[in-house]
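Accompanying notes for the structure given below.
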Amino acid sequence: MHWTALQTEQNTGVLQSAKRSRACILILRFLLLPLIAIPPARLTAQNAPQPAHSTPQQLPSLHVRSATGPITVDGKLNEPAWQDAEPVTLTQQSPRPGEPTPYITEVRVLIYHDALIFGFSCRDSNPSAIQVHTLTRDGDQSGDDTVSILLDSFGDKRTAYYFQINEAAARLDGLVAGPYSVSLDWDGIWNARTSRTPDGWSAEIWIPAQTLNFASGSGHWGLELDRSIVRDLTELRWASPSLDANLFDMSRAGNLELATPLRQGHGLEFAPYIRGTMLHDFTIPDRDWLAAAGGEFTWRITPQLAAIFTVNTDFAETEVDSRQINITPFPLYFPEKRAFFLEGANQYVFGLDLDQNFTFIPFFSRNVGLLDGYDIPINGGVKLNGHVGRWSLALLDVQTRTTYVPQTVVDALGLPSAKVNGTNLLASRVAYDVDKHLRLGTIVTHGDPEALASNTLAGLDGVWHTSTFLGKRSLQFGGWAATTQGDVPKGSKQAWGLRFDYPNDLLTCTAGLNRFEDGFEPLLGFLPRPATHQTDGSCSYRPRPSPTGPFRAIRQAFYDLGFTHINDAEGNLQSQVAQLNPMHLIFNSGDTITFSAIDDHETLVYPFAIVPSVIYPVGPYHFQRYGLTLATSQHRQLQFTNASYIGGYYNGHLYHQTNSLNWTPLHGKVEAGIIADNYFGHTPQGNFVEKLWQFKGALSWSPDLSLSTFVQYDNVSLALSSNTRLRWTFRPGDDFFLIWDRTWIRNAIQPGVSLAPDAESLVAKIRWTFRL
């Protein structure tokens, strides 16, 4: 397992008898907290929200008409057309659903030049306390005052586009595949502006129809609106303002009724790029100057179905991966960040929670065009994303180019040579919405990223979801089955799984089992523990203390218990982990504290080298670990997190500490953060120290112009790397990038020798988008 963890502190001072008695009383009160906590606030006839055109049994509806006059997207709702738009008011969702709030939020929506424009008016009794910590595109807005829009443009009550801005108009977007399956890596073409007002702030958000796929001829969409005020952990919603309602659960969303259907013009989009690159290898004093061009062409066959063609696909502007220290025998998960593969990625989600738990992902797009993190050139490819009625369709076909990879990749993957032949890789997903609760689907993949074997995967899945269990609770069931054929190991080629989820505010429980037989090998998928039978279950009881009781400083307490049991395909125990969090508290200030206890049993079937000099032999190991995590609220300008775990590790001991410090002055124009992740191991096989240090910084002049840097060093690879990126969005969809990468290597044989330059690259890239 990968322990994230932390530091425990014990007070060994001697207390006087009076103080000892007081401490005993406080401990007793804490243990009784689940009994004295109040249940989630109930909506009464006096304080229940009454959205437009709604009844207590119906979800609210908002009717949208075309603007009667011109609108300039400047964040100021001063055009006469806004006064003609139907207003809706958001209702407090947390911490006390339905109760009055000083953060009065009014939203209007208009259609203007085949785009949706949302106008937010956000009152705040203390405008000087509004929080902004970032101006960068896709920056971390978890500590910011934000407004969000979720658009279910197919009306399927499952998938959605997600748009969020903070008070400074920094943009964040993503794709929703289900209530608990959201990717924030997708980038759409849209724009937003904000403006300060005497009593708060206002915003205008412009979302063109050509950015969306949507059901043609249908004016019935799903819509959810949200506002977050982080300094006192207040959340406002339009539809379903209940503590049990997850923001991304589109079955709880309201209805957006479009009076005028949106049009996408001719449905054609061309996004060419040109790129110039300088490569410098310091082992030979020489520089290479390269140029490239290519792009993507999108044809919207219908408003809800798009075909995307790519030629000489380029990912120069993609953010580098954040390194991870792996102290387990199993591979780590790294998210997809390349734009071409993110469009429509939510349609490939398979099963229930498989992608969230990283248990099994049948199509893992990072296997296309990447080998152990090394780029494999892509000559071209085609994608098909969208819907046809109740059918959801997704197809990806890519042709890679023959290339030569470094020796480090050859050694890591056991390749026969440095030459990797070009190959064709295919993935297809089809799903059908039986009704508003049940979705059935299939998935097929074909190809081997290493171009060495024939491999085909075929699978079936089904997910049933409701948000009205016992009145307003969420409940989910999921099942899946798959097989692989071709050049796969001997044995049964099947895999299957079942899962149950009860994800609600006071009580959240989940349980599942997954079976991967010894002949099941999905080469285009992500399966970190093949040939295993896995069972897991967990529950979290999360009461909210009374706001007038002795624990009124606590917003919510969590009591968590989880269990995982993993056997090999023959039934032999591989892993068994039980984790208890007897104390996990979120305070009204947003600060958190968590104490964890873990009991772990691991059986090694192969020798495991945590470092080359420390190798654990085959056999069973049983150990316990304990941890404490302290984190300040994300709304603070200076944020600090300390996490430490201490205890056993196989047949020795391991101390793991992670510290992070983030500073965001000048209303988000400056961002600086450091992370130190350190492992100190003591075992009979030898001692080891593994360290990972990271620095992230950004200077932003506006949400459209920013300079960022990411510096990483670890003592495993002995490499220091920096990635510095200038991004200028001079028009939505048109970007200029300047990326400078440099790597330094420390000599492992001569530890006293300083870091020496290894390689460097400088890339200038410009990308346009033309729509017809």
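Taken along the Cα-to-beta-carbon direction at a fixed 7 Å, the label points for S454 and V434 span 3.5 nm.
So which of K337/K691; K436/K472; K669/K765 end up more than 20 Å apart, counting from Cα to Cα? The pairs that break the limit, which is 20 Å between Cα atoms, are K337/K691; K669/K765. Distance between the modelled labels on E86 and L268, one decimal in nanometres: 3.7 nm (7 Å Cα→Cβ projection). With the charge dipole of the chain set up from +1 on Lys and Arg Cβ and -1 on Asp and Glu Cβ about the Cα centre, the Cα lying farthest toward the positive end among the listed residues G119, N367, T134 is that of G119.
Overall shape: prolate for the stretch 129-264, with the ratio a/c of the largest to smallest alpha carbon gyration tensor axis at 1.5 or above and a/b above b/c. Please say if the stretch 52-168 is rounded, prolate or oblate, where rounded means a/c under 1.5 for a ≥ b ≥ c the square roots of the C-alpha gyration tensor eigenvalues, and otherwise the choice is prolate for a/b larger than b/c and oblate otherwise? Rounded.
Using the average count of surrounding beta-carbon atoms within 10 Å as a protection proxy, the listed peptides 245-256, 264-275, 183-194 rank, highest first, as 245-256, 183-194, 264-275.
Less than 5 angstrom separates the built amide H of T91 from those of R237, W238, all sequence-distant by 5 or more or on a different chain.
From helices alone, the chain scores -1000 deg cm²/dmol at 222 nm; the rule is -39500 (n - 2.57) for each run of n ≥ 4 DSSP H residues, then divide by the residue total.
Here W464 and L507 are evaluated by their C-beta separation; at R0 = 25 Å the FRET efficiency comes out at 0.80. With the highest mean first, a sort of the peptides 548-557, 615-624, 59-68, 135-144 on other beta-carbon atoms found within 10 angstrom per residue produces 135-144, 59-68, 548-557, 615-624. The simple Förster model, with R0 at 45 Å and r as the Cβ-Cβ distance, assigns N651 and T548 a FRET efficiency of 0.30.
One chain, two ends: T197 and D599. Fully extended at 0.36 nm per residue, the span grows by 139.3 nm beyond their Cα-Cα distance.
The overall shape of the chain, judged from the alpha-carbon gyration tensor, is rounded, with an a/c ratio under 1.5. Positive-end ranking of S181, G254, T548 along the dipole of the chain, with charges on Cβ about the Cα centre, is headed by T548.
Take the Cβ atoms of S589 and I325, set R0 to 25 Å, and the FRET efficiency comes out at 0.20.
In sequence order, the stretch 99-113 has phi-based couplings of 7, x, 9, x, 8, 5, 10, 10, 10, 10, 9, 9, 9, 9, 6 Hz under the Karplus curve 6.51 cos²θ - 1.76 cosθ + 1.60, θ = phi - 60°, and Gly or Pro positions carry x.
If you take every DSSP beta bridge whose two residues both sit in the chain, what share of them, in percent to the nearest 5, is antiparallel? Around 100 percent antiparallel, to the nearest 5. Take the chain with all the other protein chains still there, run a 1.4 Å probe, and you get 44 Å² of accessible area per residue.
With θ taken as phi - 60° and the Karplus curve 6.51 cos²θ - 1.76 cosθ + 1.60 applied, the whole-hertz 3J(HN,Hα) list for the stretch 536-542 is 8, x, 7, 9, 9, 9, 10 Hz, x standing for glycine and proline. Sequence-ordered 3J(HN,Hα) estimates for the stretch 657-671 from the Karplus curve with 6.51, -1.76 and 1.60 and θ = phi - 60° stand at 10, 10, 10, 9, 9, 10, 10, 10, x, 6, 6, x, 5, 10, 10 Hz, glycine and proline given as x. Simple spin-label estimate for S717 and A412 gives 0.7 nm between the two label positions (7 Å along the Cα-to-Cβ direction from each Cα). With a cut-off of 13 Å between beta carbons, the residues surrounding L279 carry a summed charge of -4, where Lys and Arg count +1 and Asp and Glu -1. Just the number, please: carbon plus sulfur as a percent of the accessible area of the chain, 1.4 Å probe, no ligands or DNA/RNA counted. So the carbon and sulfur contribution to the accessible surface is 60 percent. Projecting the Cα positions of W480, N504, Y626 onto the charge dipole of the chain (unit charges on Cβ atoms of Lys, Arg, Asp and Glu, taken about the Cα centre) puts N504 furthest along the positive direction.
For the chain, the dipole from Cβ point charges (+1 on Lys and Arg, -1 on Asp and Glu) about the Cα centre works out to 1500 debye, to the nearest 20. The length gained on full extension between W391 and F730, counted as 0.36 nm times the residue separation minus their Cα-Cα distance, comes to 118.3 nm.
The values are calculated or read from the model by the stated rules, or taken from the named source; none is laboratory data. Computed from a predicted structure; not experimentally measured. Glycine gets a Cβ as well: all are built from the backbone with ideal geometry, and neighbour counts include every protein chain shown. Please note that ligands, DNA and RNA were not included when accessible areas were found on the heavy atoms of the full protein model with its side chains. Shrake-Rupley method; radii C 1.70, N 1.55, O 1.52, S 1.80 Å.
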